[in-house]
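Trainee: Below: one structure in structure tokens.
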């Protein structure tokens, strides 16, 4: 476990001790499968870091999680939560589907063990980078993640923040373009994509604020761990902001 996660864990332990030693309005309780969290609907995936400009994403079409893309998002359930009515700590499990539609037409190359990323140099390829255009340059991958969250209820608002570990499952990189008027598609499928120095296990932090009666709010997630592992690879960190985060009580 790296230094950042040790600090996060220590902070959670301190807060947990503070909660347990405070007299609350209701008794201390342990709950299972109590809340669900879903940030799909209106969200945007992008990159931060030293080489983030090269990996800039776009909303010119489906593929970065924007415009009610039903096939992307982060969905989790609080498996166990402990605390009081107004303050509790929860451990959850969920699945994430991450999409990044890049603004530039990127080509990924594995060279001498390093990952080299450049704009497609072929002049006769037309990516038709419009909202309904055929072409695209897009990364898609799925993962399991396990969040540890501290949640407070303040009046009608629910405020939550914490850390999570994200475990890579499967992914691919897809390029679609027109060449001499003919539709073309190139795909680096999971079997090969896994060899592009990907971080399979990543740590991240997240925060959320939601209106409790409606269950609607905003959220933000950021990967502390870089996307690539190589010392000479591009340095980027994934980020996601959602303007339509749903936080609800599980039906049983």
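Trainee: Which residue out of 236, 188 is at pLDDT 90 or above, in contact with a helix residue (DSSP H, G or I) (Cβ under 8 Å, 6 or more places away or on another chain) and within 19 Å of residue 116 (Cβ to Cβ)?
Mentor: 236
Trainee: Shifting gears a bit: Is it the case that some residue within segment 167-174 is free of Cβ contacts under 8 Å to residues at least 24 places away in the same chain and more than 20 Å from residue 94 (Cα to Cα)?
Mentor: no
Trainee: Can you report the number of residues in segment 96-117 which are part of a strand (DSSP E or B) and more than 17 Å from residue 241 (Cβ to Cβ)?
Mentor: Residues in segment 96-117 being part of a strand (DSSP E or B) and more than 17 Å from residue 241 (Cβ to Cβ): 11 in total.
Trainee: Sort out which residues of segment 120-147 are more than 19 Å from the chain's Cα centre (by Cα), over 18 Å from residue 46 (Cβ atoms) and not in a loop (DSSP other than H, G, I, E, B), and write them in order of number.
Mentor: The answer is 125, 126.
Trainee: Would you be able to say whether some residue in segment 240-252 is in a strand (DSSP E or B), farther than 19 Å from residue 35 by Cβ and at pLDDT 95 or above?
Mentor: No, the conditions are met nowhere in segment 240-252.
Trainee: Looking at 217, 204, 230 in this structure, which one is in contact with a strand residue (DSSP E or B) (Cβ under 8 Å, 6 or more places away or on another chain), outside any loop (DSSP other than H, G, I, E, B) and at pLDDT below 95?
Mentor: It is 217.
Trainee: Out of 17, 91, 112, which single residue is modelled with pLDDT of 80 or more, over 18 Å from residue 237 (Cα atoms) and surrounded by fewer than 14 Cβ atoms within 10 Å (Cβ to Cβ)?
Mentor: 112
Trainee: So, in segment 43-72, of the ones that are buried (at least 21 other Cβ atoms within 10 Å of the Cβ) and assigned to a strand (DSSP E or B), which residue ends up modelled with the highest pLDDT?
Mentor: This residue is 47.
Trainee: If you don't mind, there's one more thing I want to ask. Considering only residues that are touching a residue at least 40 places away in the same chain (Cβ under 8 Å) and out of contact with any strand residue (DSSP E or B) (no Cβ under 7 Å at 6 or more places or on another chain), look in segment 175-194 and name the one that is surrounded by the most Cβ atoms within 10 Å (Cβ to Cβ).
Mentor: So the residue we want is 183.
Trainee: Here is a follow-up. Considering 150, 139, 169, which residue is crowded, with 19+ Cβ neighbours inside 10 Å and within 18 Å of residue 77 (Cβ to Cβ)?
Mentor: Just a single option satisfies the conditions, and that option is 150.
The values are calculated or read from the model by the stated rules, or taken from the named source; none is laboratory data. Not measured: the values here are computed from a predicted model. Positions of Cβ are generated from backbone atoms using ideal geometry, with glycine treated the same way; all protein chains shown enter the neighbour counts.
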